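Okay, so here's the structure we're looking at.
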Amino acid sequence: MVRREHLRDAALPAAVAVLGTVELATLRTDGWGWGIALECIACALLVWRRRYALVVCTLAALVLLAMPWLGPQLDEPATPIIIIAVVAYSLARYLAGLRGLLGMGVIAATLATDYALIDQRAHNASDFIFVASLLGPPYVLGRLTRRLAVQGEQLRRRQEWVEQEAVRAERDRIARDLHDVIAHSISAMVVQTAAAQDLVRTDPDRAASALADVAATGRRALSETGRLLHAVRDDGDELGLSPAPGLDRLPDLVESFRGSGLRVDLEVEGPMSPLPAGVDLSAYRIVQEALTNALKYAADRAASLRVRRTPSHLSIRAENAAGVGVVGGSGLGLLGMAERVSLFGGSLTHGPTGDGRFVLTATLPITGAGDGG
């Protein structure tokens with residue numbers, strides 16, 4: 001990457017050096033050989049304009065402005081104007097604050113010296129205007145470009161921070177959801193243990209079966225606990241007594257979106273229960289987010305939803321018409337879905353298709369996930 005950037009920095013000075021060589025070799029003015037040498041030296045210095053802008057840019061300009069002393073006058077070839085423009089732009093683009101004005105002052109003073117000691121023409125206010133028009137616009141352009149670059153970097157960092165916060169918030173939400181699952185499992189274990197205590201003397205076989213169920217439920221709860229990414233907390237429901245939603249509530253969820261004005265074509269293949277509790281809850285959240293996106297952005301206020309279960313996995317496919325000219329959202333909902341899917345080792349794909357549709361597919365593995373309760 002560094003080598004590519006260095007080559008890019010060298011490309012412009014090299015092109016200008018070639019242009020200046022061809023121009024002076026064609027003009028063949030007095031001292032044109034010295035002119036070629038000085039232009040090439042100035043261009044070579046500009047290769048490092050990004051790293052050492054103040055030193056190399058100022059020095060490149062001073063080398064170039066020595067041309068009237070050794071070679072052609074500055075008003076004879078046109079290439080020096082290009083070099084001076086690159087110098088002025090670089091002093092503004094690659095230096096913070098107004099430090100580049102120091103180099104600009106040195107260049108202006110050297111130009112004035114050349115005019116006073118070498119140039120035999122009569123001078124007036126037009127010379128000042130010419131120098132200002134030569135140095136000013138490239139410098140202003142460099143300042144604007146630097147400001148835009150700084151703002152772009154700030155926006156990029158801000159977006160990264162927003163995405164990180166969205167992922168963190170989604171992980172916290174996953175933790176709260178899985179807390180519900182584990183709380184349900186523990187409640188079931190308590191009930192089954194109490195039943196086993198009642199049966200241990202009267203019906204040992206049934207008591208043993210109940211205790212086996214307790215052990216199985218405990219193992220599944222431990223499996224779910226291993227998926228937690230953060231310390232479990234449950235704002236507003238510290239005991240985890242609220243029932244965790246799952247795909248058994250899918251019809252109610254779809255109906256709520258229909259009530260909001262979204263036409264939903266629902267297709268369900270295979271039994272939606274029993275599912276591993278964590279998978280069940282995460283699938284519900286993914287469907288909820290997919291329909292929310294469709295409600296916001298679907299051009300025709302319609303979406304199709306297909307939920308399919310196989311012995312090994314659960315797949316979700318949501319599709320809607322992409323709106324023409326609609327500005328995309330923040331993408332944070334998609335980040336949340338990706339976090340949920342990755343938690344279970346699944347996969348998520350999304351994006352527009354060639355026929356103007358937006359398709360989202362999520363796959364969650366079921367085999368080995370266990371039932372959370």
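Brief remarks on what is shown
- Selection of trypsin sites (Lys or Arg not before Pro), the stretch 1-85, meeting DSSP coil and at most 16 other Cβ within 10 Å: ARG28, ARG50, ARG51
- Computing FRET efficiency as 1/(1 + (r/R0)^6) for GLN151 and THR292, where r is the C-beta to C-beta distance and R0 is 30 Å, gives about 0.45.
- For VAL268 and VAL190, the FRET efficiency from 1/(1 + (r/R0)^6), where r spans their Cβ atoms and R0 equals 25 Å, is about 0.15.
- Length gained on full extension, ARG28 to LEU144, computed as 0.36 nm times the residue gap minus the Cα-Cα distance: 37.9 nm.
- Net charge of neighbours whose Cβ lies under 13 Å from the Cβ of GLN159, counting Lys and Arg as +1 and Asp and Glu as -1: -1
- For the pair ARG51 and ARG158, label points projected 7 Å from Cα toward Cβ lie 3.3 nm apart.
- Sparsely packed chymotrypsin sites (Phe, Trp or Tyr not before Pro) within the stretch 244-298, loop by DSSP, other Cβ within 10 Å at most 10: none
- If R0 is 30 Å, the Cβ-Cβ spacing of ALA112 and LEU12 corresponds to a FRET efficiency of close to 0.65.
- Here the spin labels are modelled as points 7 Å beyond Cα on the Cα-Cβ line, and at VAL131 and LEU70 they lie 2.2 nm apart.
No lab work stands behind these numbers, since they all come straight from the coordinates. The shown structure was predicted, so the numbers you read here are calculated from the model rather than taken from an experiment. Backbone-built Cβ (ideal geometry, glycine too); neighbour counts: all protein chains shown.
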